[in-house]
Amino acid sequence: DGVALGKGLKCRQCKKVLKKIQALAGDNPDEAAVAAALQKGCRVLGRAMGRLCQRLVKKYQNKITEELQNGDMPQDICAAMGMCQS
């Protein structure tokens with residue numbers, strides 16, 4: 001159905017965005033590293049993904065920062081934000 005399909009697409013996009021941000025932030029990121037990665041990550045994803053990325057960042061910046069600093073994986077972070085099934 002359309003909702004599940006939309007959810008699957010959102011989940012894939014969310015994971016793609018967070019994998020990019022996680023790679024840019026490095027292995028043991030502090031708050032500044034995550035903030036810089038959030039800014040840069042959205043720019044390098046292209047126009048459509050970049051817009052989605054910026055919406056995610058605006059809405060969930062504190063959660064993304066906290067979870068990346070905790071070493072959580074993109075799948076888990078996206079699930080915590082309601083983008084993926086956990």
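Among the residues of the stretch 46-65, is there at least one that is part of a loop (DSSP other than H, G, I, E, B), among the aliphatic types (A, V, I, L, M) and at pLDDT below 90? No, the stretch 46-65 contains no residue that is part of a loop (DSSP other than H, G, I, E, B), among the aliphatic types (A, V, I, L, M) and at pLDDT below 90. Checked against the criterion of being open to solvent by 90 Å² or more (accessible area, probe 1.4 Å), under 13 Å from the mean Cα position of the chain (by Cα) and either under 15 Å from C78 (Cα atoms) or at pLDDT below 95 (or both), the candidates Q39, Q22 yield just one match: Q39. From V44, V17, V57, which residue is in contact with a Leu (Cβ under 9 Å, 6 or more places away or on another chain) and exposed (fewer than 14 other Cβ atoms within 10 Å of the Cβ)? So the residue among V44, V17, V57 that is in contact with a Leu (Cβ under 9 Å, 6 or more places away or on another chain) and exposed (fewer than 14 other Cβ atoms within 10 Å of the Cβ) is V44.
The values are calculated or read from the model by the stated rules, or taken from the named source; none is laboratory data. Here the structure is a predicted model, which is why all the values come from computation and not from measurement. Cβ: placed from backbone, ideal geometry, glycine included. Neighbour counts: every protein chain shown. Side chains included, ligands, DNA and RNA excluded: accessible areas come from the protein's heavy atoms. Shrake-Rupley method; radii C 1.70, N 1.55, O 1.52, S 1.80 Å.
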